[in-house]
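The values are calculated or read from the model by the stated rules, or taken from the named source; none is laboratory data. From a predicted model like this one, the values you see are computed outputs, not experimental measurements. Positions of Cβ are generated from backbone atoms using ideal geometry, with glycine treated the same way; all protein chains shown enter the neighbour counts.
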Amino acid sequence: MATIDGASYSGEVTDTFPRQYARTQRLTLGEPRNITVSPDGHRVVFLRSSNGSDPVNSLWVLDAETGDERLVADPKALLAGDDDDDLPAEERARRERAREGAGGITSYATDASSSVVAFALGGRLFAGGLLSGQARALAVTGPVFDPRPDPLARRVAYVSGATLRIGELDGSSRVLVGDDEPDTVTWGSADFIAAEEMGRFRGYWWSPDGETLAVCRVDTAPVGTWVIADPAHPDHEATTIRYPAAGTPNADVTLHLVGLDGSRTTIDWDRDFFPYLASVAWTEAGLVMHVQSRDQQGSMVLRVDVGDGPGRGESAVLSHDYDDAWVELVAGTPALLPDGRVVHAADRDGARRLTIDGEAVTPVDLQVRSVLSATDDGIVFQANPIDDATQLHVWRWADGELHPITDEPGVHSAAVGGSTTVVRSATIDRAGSTTLVRRRGIDDLTIESLAEWPLVSPNVELLHVGDRRLATAVLLPHDHDGSPLPVLLDPYGGPHALRVTQSHNAFLTSQWFADQGFAVVVTDGRGTPGRGSEWERAVHGDLATAPLDDQIEALHAVAEQVGCLDLSRVAIRGWSFGGYLAALAVLRRPDVFHAAVAGAPVTEWRLYDTHYTERYLGDPATGAQTYDASSLLPLAADLTRPLLLIHGLADDNVVAAHTLQLSSALLAAGRPHEVLPLVGVTHMTPQETVAENLMLHQLEFLQRSLAAPADAASPNVRDEEP
């Protein structure tokens with residue numbers, strides 16, 4: 001047993017941090033996850049692998065009264081040595097969209113009482129009893145994707161290729177819908193935009209009585225085809241994908257009521273004006289759907305007539321919303337309370353507020369981030385103080401009053417069932433997370449985490465700097481003597497993600513870079529979530545200016561406050577939007593930034609997808625100037641600083657063309673730069689050796705690029721020939 005930063009660590013400490021961080025998938029393996037609480041509050045269902053380096057998740061159930069855990073499904077035993085890597089294409093796509101790097105059981109579904117569970121392994125269907133604690137294979141026709149028991153646990157629906165099938169508990173199965181369609185049509189799966197940008201990963205929903213399903217039909221015929229090849233293996237066939245780039249057609253998505261006898265009714269709504277199907281929910285209170293306009297300025301919540309009369313499939317408007325910039329989609333909404341009232345979240349009076357039948361019930365100093373549960377016992381949701389997005393708390397609204405479920409500074413989430421609430425919490429002073437089972441009338445129980453203890457501990461100070469009170473983390477080497485340090489900015493800096501949170505593990509990679517001799521500065525500027533409507537909308541029409549200005553403002557404010565930052569040696573690194581921001585920084589402001597590492601950057605927004613890009617920049621056909629102003633390609637000739645571009649060649653989200661087009665423009669302008677292609681790597685980098693050596697490669701580049709104070713005229717610029 002070793003001791004690291006005052007805590008015990010099981011096992012021999014032989015790893016470097018980059019190796020540990022890669023091997024443990026960022027210290028997430030072994031953590032309890034995907035938590036569900038039965039409606040009666042008696043059972044807590046969750047996934048967890050056997051230790052901090054085991055990527056194979058098993059399914060567990062915990063007795064909420066006694067704390068006893070029972071292993072329900074161990075993939076290694078169920079597969080009896082068979083390979084789980086032969087996944088259906090739909091499952092590989094789901095994992096990529098969800099940024100899922102683990103294996104084994106990565107998702108599951110239960111019946112209404114959480115007594116029966118279904119999941120897929122290697123394209124095979126398995127079902128288990130959560131009371132008996134046993135699981136078995138059902139020999140249905142496969143491959144199996146996204147299996148879900150009906151609410152009464154009589155049968156299982158699942159997607160197989162382009163079809164939605166019904167599997168009986170005796171192992172027989174049949175096609176319900178989708179066997180008579182063109183190659184471009186699928187039933188029961190989420191389209192690319194829904195999964196990548198809307199957070200909707202599923203494409204069908206059972207009725208409460210288990211007799212009907214609401215099923216998405218997706219036709220990708222209108223969507224342009226792109227080709228992703230593997231240059232390292234020219235003998236491998238290229239992959240053709242349907243990618244809806246900004247300004248081009250989306251998939252045609254419709255929703256249908258499908259009976260167990262195969263009868264179909266198309267659900268009617270104004271798809272010409274509201275083509276996006278953002279979410280669907282079907283409970284005893286009714287079937288509701290949330291639809292959104294192409295420009296995302298308008299949305300509607302619709303109730304669907306599911307009766308057997310002449311109005312079956314017709315929709316009625318329950319609520320609608322409009323915003324001059326865009327209507328934000330909030331996870332878990334809309335939802336119906338058992339009495340039929342509509343639970344939603346909308347921007348009102350400068351904040352995102354919880355609404356019930358259109359009336360805001362949360363104050364303007366609280367920013368609602370997601371709704372977790374809506375039952376007779378109240379509405380449980382996540383929110384943060386609007387002036388401090390470093391915290392995320394769980395609240396309950398019931399009987400007209402707000403009650404905090406969490407109050408310790410940190411990042412908290414929850415799952416709810418009956419009188420049981422399972423709270424998962426991360427704090428700045430404690431590694432990993434803790435998962436507590438809270439049940440009225442008994443002491444809290446803990447679901448054990450088997451994650452490894454990190455080999456670094458953040459030496460971090462959280463600040464709010466500048467006139468905008470920019471949330472900023474400053475990390476210095478341990479036992480730093482106060483001497484000047486080269487600076488590394490380590491942001492994401494864009495919509496939908498925060499880097500500065502009161503969570504210990506959020507700063508592990510930043511601290512590792514700090515311990516190599518850097519002052520690391522992490523800032524969440526305008527456009528990031530949590531700070532109110534105006535803050536988020538500061539990037540409307542311009543994804544470049546506000547995010548970059550805020551990084552510079554924070555850098556200078558920290559330099560004045562901390563005092564050891566060497567502003568003649570400043571670098572910036574980032575991935576995805578952070579990669580875009582890093583490349584933008586050295587192109588636009590070489591007077592401030594002296595080197596950049598840009599991983600998987602969007603370099604030309606016309607090459608990114610419709611829903612994300614058009615939300616901020618509009619239609620490129622009518623607003624070309626906004627795209628040009630946010631593009632990196634026109635800035636290529638301005639590069640005067642070292643730039644390392646990194647991109648996975650198998651990336652189907654931010655395709656490698658982004659980096660290749662920027663590299664081509666830089667070469668044409670005579671601007672030296674470096675490109676690191678990652679063979680076989682997608683937008684994630686789950687491969688252990690890739691993830692480890694990628695950190696080491698970035699470190700070498702940064703140390704080399706900042707070895708000496710930068711001159712006004714950078715040596716990265718070649719003298720022009722006469």
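With respect to the conditions (1) aliphatic (A, V, I, L, M); (2) in a loop (DSSP other than H, G, I, E, B); (3) under 19 Å from ASP651 (Cα atoms), ALA194 lacks only one, and its number is (2).
Anything in the stretch 372-383 that is surrounded by fewer than 22 Cβ atoms within 10 Å (Cβ to Cβ) and part of a strand (DSSP E or B)? List them, or say none. Matches in the stretch 372-383: LEU372, SER373, THR375, GLY378. Listed conditions (1) touching a residue at least 60 places away in the same chain (Cβ under 8 Å); (2) more than 18 Å from ALA471 (Cα to Cα); (3) of a type in the set (Val, Ile, Thr) are all met by THR427, apart from (2).
Selection of first residues in the stretch 404-418 that are within 14 Å of GLN382 (Cβ to Cβ) and of second residues that are part of a loop (DSSP other than H, G, I, E, B) and of a type outside the set (Ser, Thr, Tyr), restricted to Cβ pairs under 8 Å at least 6 apart or on distinct chains, gives the following pairs, ordered by first then second residue: GLY410/GLN391; GLY410/ILE428; GLY410/GLN502; VAL411/GLN391; VAL411/GLN502; HIS412/ILE405; ALA414/ILE405; VAL416/ASP377.
When SER189 is tested against (1) crowded, with 20+ Cβ neighbours inside 10 Å; (2) in contact with a Ser or Thr (Cβ under 8 Å, 6 or more places away or on another chain), exactly one condition is not met: (2). With respect to the conditions (1) within 19 Å of TRP282 (Cα to Cα); (2) out of contact with any Pro (no Cβ under 7 Å at 6 or more places or on another chain); (3) of a type in the set (Ser, Thr, Tyr), SER113 lacks only one, and its number is (2).
In this structure, does VAL156 turn out to be over 30 Å from LEU607 (Cβ atoms), of a type in the set (A, V, I, L, M, F, W, C) and either under 25 Å from the mean Cα position of the chain (by Cα) or in a strand (DSSP E or B) (or both)? It would help to see each step written out before you state the result.
Details: over 30 Å from LEU607 (Cβ atoms): yes; of a type in the set (A, V, I, L, M, F, W, C): yes; either under 25 Å from the mean Cα position of the chain (by Cα) or in a strand (DSSP E or B) (or both): yes.
For VAL156, the condition - over 30 Å from LEU607 (Cβ atoms), of a type in the set (A, V, I, L, M, F, W, C) and either under 25 Å from the mean Cα position of the chain (by Cα) or in a strand (DSSP E or B) (or both) - is met.
Of the residues in the stretch 166-173, at least one is β-branched (Val, Ile, Thr), over 25 Å from VAL44 (Cα atoms), touching a residue at least 12 places away in the same chain (Cβ under 8 Å) and part of a strand (DSSP E or B).
Between ALA80, ALA93, ALA22, ALA2, the distinction of being closer than 29 Å to ASN693 by Cα, modelled with pLDDT under 90 and not basic (Lys, Arg) belongs to ALA2 only.
Each residue in the stretch 561-579 was checked for being under 19 Å from ASN459 (Cα atoms) and part of a helix (DSSP H, G or I), and 2 pass.
Just name the residue that is farthest from the chain's Cα centre (by Cα) out of those in the stretch 228-257 that are hydrophobic (A, V, I, L, M, F, W, C) and surrounded by 18 or more Cβ atoms within 10 Å (Cβ to Cβ).
Let us first name the residues in the stretch 228-257 that are hydrophobic (A, V, I, L, M, F, W, C), namely 228-229, 232, 238, 241, 245-246, 251, 253, 255, 257.
From what is left, the residues that are surrounded by 18 or more Cβ atoms within 10 Å (Cβ to Cβ) are 245-246, 251, 253, 255, 257.
Values: ALA245: 20, ALA246: 21, ALA251: 22, VAL253: 22, LEU255: 25, LEU257: 29 Å.
Taking the candidates together, the pick is LEU257.
Just to be sure, is GLU96 touching a residue at least 60 places away in the same chain (Cβ under 8 Å) and closer than 30 Å to THR682 by Cα? Explain how you work it out, then say what you get.
On the way: touching a residue at least 60 places away in the same chain (Cβ under 8 Å): yes; closer than 30 Å to THR682 by Cα: yes.
Criteria met by GLU96.
Show me the strands (runs of 3 or more DSSP E) found entirely inside the stretch 272-316 where at least 1 residues are under 14 Å from HIS256 (Cα atoms) and of a type in the set (Phe, Trp, Tyr). Because the criterion is at least 1 residues that are under 14 Å from HIS256 (Cα atoms) and of a type in the set (Phe, Trp, Tyr), the strands (runs of 3 or more DSSP E) in the stretch 272-316 that meet it are 276-283. All conditions but one from (1) part of a loop (DSSP other than H, G, I, E, B); (2) under 21 Å from CYS216 (Cβ atoms); (3) touching a His at 6+ places or on another chain (Cβ under 6 Å) apply to ALA325; the one that does not is (2). When the stretch 663-686 is filtered for residues that are within 11 Å of ALA600 (Cβ to Cβ), hydrophobic (A, V, I, L, M, F, W, C) and either touching a Lys or Arg at 6+ places or on another chain (Cβ under 9 Å) or assigned by TED's automatic domain parsing to the domain that holds ARG94 (or both), only MET684 remains. In a residue-by-residue description of the stretch 610-625, the property of being surrounded by fewer than 21 Cβ atoms within 10 Å (Cβ to Cβ) and β-branched (Val, Ile, Thr) applies to at least one position. Here ALA64 meets each of (1) under 28 Å from the mean Cα position of the chain (by Cα); (2) in contact (Cβ under 8 Å) with a residue 60 or more places away in the chain; (3) crowded, with 21+ Cβ neighbours inside 10 Å with one exception, condition (1).
Among the residues of the stretch 360-394, which ones are within 22 Å of the chain's Cα centre (by Cα) and under 18 Å from ALA335 (Cα atoms)? Even if it seems obvious, please write down each step before you answer.
First, pick out the residues of the stretch 360-394 that are within 22 Å of the chain's Cα centre (by Cα): 367-373, 380-386, 388-394.
Selection gives VAL368, ARG369, SER370, VAL371, LEU372, SER373, VAL380, PHE381, GLN382, ALA383, VAL394.
Residues that are over 26 Å from the mean Cα position of the chain (by Cα), in a loop (DSSP other than H, G, I, E, B) and not charged (D, E, K, R) within the stretch 439-479 comprise GLY441, ILE442, ASN459, GLY466, LEU476, PRO477, HIS478, listed in sequence order. Of the candidates VAL61, VAL44, the single residue that is within 23 Å of ARG124 (Cα to Cα) and either modelled with pLDDT under 95 or in the same structural domain as VAL159 (by TED's automatic domain parsing) (or both) is VAL61.
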